[in-house]
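Following: one structure in structure tokens, then a few remarks.
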Amino acid sequence: MQRIMTSTALVFAGALLLSGCAAGGGDSTATPAADACQTVASEVRDVSNGVQNNLAAVADTAELEEYLTSAAERVDAIIEEAGDNEDLVAAVEDFKAEVGAATDYAGELPEPDAEGAIEQDADALAERQAALQEAAAEVGAVCTAD
């Protein structure tokens, strides 16, 4: 259990660092397209962080499945927000694939034990969380490349 907590703590620290670096400072001369891109990137980071947190603290697999379905629907809406920016749409679709992979991972979690705890493979959890972080960072990178 200590190993899971340590890995989870490291992943969360990385997520916080990544989201802090990606947030950056505001640019008052940004174009509306750049503002829209940053909004999409921010929403993707929010979804990424939510999915990672829910995977790490799962107590009820049915609730987790419901949350992940909602997250996938939210990503669909974000794709529509991305508009005509093909690079941004592609990056958000790649992120959506990672949300799907997280959903597949969650579907393979064991049932809770007698105490209600769900044992997870720390390495598999960290891998899923890292993949979500990387995909979210790619969305942000599209915005800074424009």
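The values are calculated or read from the model by the stated rules, or taken from the named source; none is laboratory data. This one's a predicted model, so the numbers in the text were calculated from it and none came from an experiment. Cβ coordinates were reconstructed from backbone atoms using ideal geometry, including for glycine residues, and neighbour counts include every protein chain displayed.
The figures follow:
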quantity	calculated
Candidate set: region 53-64, residues that are within 15 Å of the chain's Cα centre (by Cα) and not in a loop (DSSP other than H, G, I, E, B); chosen: the one surrounded by the fewest Cβ atoms within 10 Å (Cβ to Cβ)	Asn53
Hits in region 65-90 - residues which are of a type in the set (D, E, K, R), outside any loop (DSSP other than H, G, I, E, B) and within 22 Å of Cys37 (Cα to Cα)	Glu73, Arg74, Asp76, Glu80, Glu81, Glu86, Asp87
Residue that is surrounded by the fewest Cβ atoms within 10 Å (Cβ to Cβ), among those in region 91-116 that are in contact (Cβ under 8 Å) with a residue 24 or more places away in the chain, at negative phi and not in a helix (DSSP H, G or I)	Glu111
Region 132-143: number of residues that are surrounded by fewer than 19 Cβ atoms within 10 Å (Cβ to Cβ) and either without any contact (Cβ under 8 Å) to a residue 40 or more places away in the chain or closer than 18 Å to Ser70 by Cβ (or both)	1
Single condition Ala114 does not satisfy, out of (1) farther than 22 Å from Thr39 by Cα; (2) aliphatic (A, V, I, L, M); (3) touching a Lys or Arg at 6+ places or on another chain (Cβ under 6 Å)	(3)
Failed item, numbered, when Ile78 is tested on (1) surrounded by fewer than 18 Cβ atoms within 10 Å (Cβ to Cβ); (2) in contact with a helix residue (DSSP H, G or I) (Cβ under 8 Å, 6 or more places away or on another chain); (3) under 20 Å from Gly140 (Cα atoms)	(1)
Ala91 over 11 Å from the mean Cα position of the chain (by Cα) and among the small types (Gly, Ala, Ser)	yes
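Yes/no matrix, rows are residues, columns are (1) surrounded by 14 or more Cβ atoms within 10 Å (Cβ to Cβ); (2) touching a Phe, Trp or Tyr at 6+ places or on another chain (Cβ under 7 Å); (3) within 21 Å of Glu93 (Cα to Cα); (4) at pLDDT 90 or above:
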{"position": "Cys21", "(1), (2), (3), (4)": "no, no, no, no"}
{"position": "Ala34", "(1), (2), (3), (4)": "yes, no, yes, no"}
{"position": "Asn49", "(1), (2), (3), (4)": "yes, no, yes, yes"}
{"position": "Thr69", "(1), (2), (3), (4)": "no, no, yes, yes"}
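Condition check ((1) at pLDDT 95 or above; (2) of a type in the set (Gly, Ala, Ser)) across all residues:
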position: Val75; (1), (2): yes, no
position: Glu81; (1), (2): no, no
position: Glu93; (1), (2): yes, no
position: Ala101; (1), (2): yes, yes
position: Glu108; (1), (2): no, no
position: Ala130; (1), (2): yes, yes
position: Gln133; (1), (2): yes, no
position: Asp146; (1), (2): no, no
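For (1) β-branched (Val, Ile, Thr); (2) in a helix (DSSP H, G or I); (3) in contact with a helix residue (DSSP H, G or I) (Cβ under 9 Å, 6 or more places away or on another chain); (4) modelled with pLDDT under 90, each residue gets a yes or a no:
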{"site": "Arg3", "(1), (2), (3), (4)": "no, yes, yes, yes"}
{"site": "Val11", "(1), (2), (3), (4)": "yes, yes, yes, yes"}
{"site": "Gly14", "(1), (2), (3), (4)": "no, yes, yes, yes"}
{"site": "Ala30", "(1), (2), (3), (4)": "no, no, yes, yes"}
{"site": "Gln38", "(1), (2), (3), (4)": "no, yes, yes, no"}
{"site": "Asp46", "(1), (2), (3), (4)": "no, yes, yes, no"}
